[in-house]
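This report refers to the structure that appears directly beneath it.
Bear in mind that the values in this text are calculations on the coordinates, not laboratory data. Predicted model, so just to flag it, every value in this text is computed and none were measured. Ideal geometry is used to build each Cβ from the backbone, glycine not excepted, and the neighbour counts take in all protein chains shown.
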Amino acid sequence: MITRVNDFVSIIDTIALGQPRVVAAYLISGKEKALVDMGFESSASNVIEDLEKGGVERDDLDYLLPTHVPLDHSGSCGTLARRFSKASVRVHPKGEPHLADSSKLWKAASELFGGKLMEKCGMPKPIGPKLLRAIDNEETICLGRGVTLRSIWTPGHASHHLSYVVEGTGTVLTGGVVGTKYPDFRVVIPTTPPTSFNLRLALESLERIRETVPTKLLVPTSGS
């Protein structure tokens with residue numbers, strides 16, 4: 001299901017592992033369109049269906065922007081890149097190798113979560129070098145019609161984590177750095193994954209987001 005948040009942001013419930021209101025993808029629309037985070041590979045068909053129901057055809061998606069590379073944020077990126085072949089995939093330089101070849105990421109996640117869960121998540125498809133482009137701290141993507149995304153390097157949750165500010169709106173897409181809010185939970189839950197979590201860097205990143213003077217934080221769960 002796709003739900004409009006405001007004039008330029010819509011939220012897609014990816015129905016992660018068959019569960020609603022858990023993992024979100026965010027569609028940012030100006031003259032061009034960008035998808036920030038995209039869920040597990042096993043959710044790819046749900047995301048594609050919702051995009052097409054929302055009027056996004058094969059040539060209408062311009063950017064795929066995983067905030068970082070864990071499977072719940074970037075797992076379906078390869079499948080979406082094949083479906084929406086015009087889209088440029090942009091990720092922090094440290095994340096590029098894992099989108100080109102997810103075998104190391106898959107192995108590490110399998111050791112942590114086990115094979116059965118990984119099968120449900122789905123193996124990410126590799127993304128060719130022609131589509132991949134690095135994006136780093138304080139870069140902008142102009143979508144037109146007054147909509148501009150600005151990247152902020154926000155490590156702590158992951159060393160290669162980027163958040164995105166929708167300039168002039170007070171809206172920040174936080175990925176995993178601020179925390180997450182699940183259905184029926186009234187509080188934001190910190191996301192502190194082993195072994196990448198770094199408390200000092202996470203606190204510095206929270207301060208960096210605070211300095212943007214946000215009025216709306218879009219966290220990675222569609223039930224928030």
Fewest to most Cβ atoms within 10 Å: Lys120, Lys94, Lys130 sort as Lys130, Lys120, Lys94
Two-site label geometry, Lys94 and Lys120: point separation in nm, points 7 Å out along Cα→Cβ = 2.9 nm
Select from the range 109-209 those GluC sites (Glu not before Pro) which occupy a DSSP coil region and have at most 16 other Cβ atoms within 10 Å, ordered by residue number.
-> Glu138, Glu139, Glu167
May I ask you to compute the full-extension gain from Arg21 to Arg133, defined as 0.36 nm times their residue separation minus their alpha-carbon distance, rounded to one decimal in nm?
-> 37.3 nm
Do any chymotrypsin sites (Phe, Trp or Tyr not before Pro) in the range 134-195 lie in a DSSP loop with no more than 15 other beta carbon atoms within 10 Å, and if so, which?
-> Phe185
Could you pull out the pairs from Lys86/Lys216; Lys53/Lys86; Lys86/Lys181; Lys86/Lys125; Lys31/Lys86 whose alpha carbons sit more than 23 Å apart here?
-> Lys86/Lys216; Lys86/Lys181
Value of [θ]222 nm, deg cm²/dmol, for the chain, DSSP H segments ≥ 4, -39500 (n - 2.57) each, nearest 500 | -6500 deg cm²/dmol
Kindly work out what percent of the DSSP beta bridges joining two residues of the range 2-218 are antiparallel, to the nearest 5.
-> 70 percent
Evaluated over the chain, the Cα radius of gyration and Dmax, each in Å | 15.8, 45
How do Cys142, Cys121 rank when sorted from fewest to most other Cβ atoms within 10 Å of their own Cβ?
-> Cys142, Cys121
Theoretical gain in end-to-end length, Glu204 to Glu167 [0.36 nm per residue, Cα-Cα removed] | 11.2 nm
Expressed in nm to one decimal, what extension gain is obtained for the pair Ser85 and Glu52 from 0.36 nm per residue of sequence separation less their Cα-Cα distance?
-> 10.4 nm
Using a Förster distance of 22 Å, the FRET efficiency for Arg186-Phe113 (Cβ separation, nearest 0.05) | 0.25
For the range 150-211, which trypsin sites (Lys or Arg not before Pro) are in a loop by DSSP, counting at most 13 other Cβ atoms within 10 Å?
-> Arg186
Rank the residues Thr191, Thr14 as a footprinting-exposure proxy: fewest other Cβ atoms within 10 Å of their Cβ go first.
-> Thr191, Thr14
Cα-centre dipole for the range 2-218 with unit charges at Cβ (Lys and Arg positive, Asp and Glu negative), debye to 20 | 140 debye
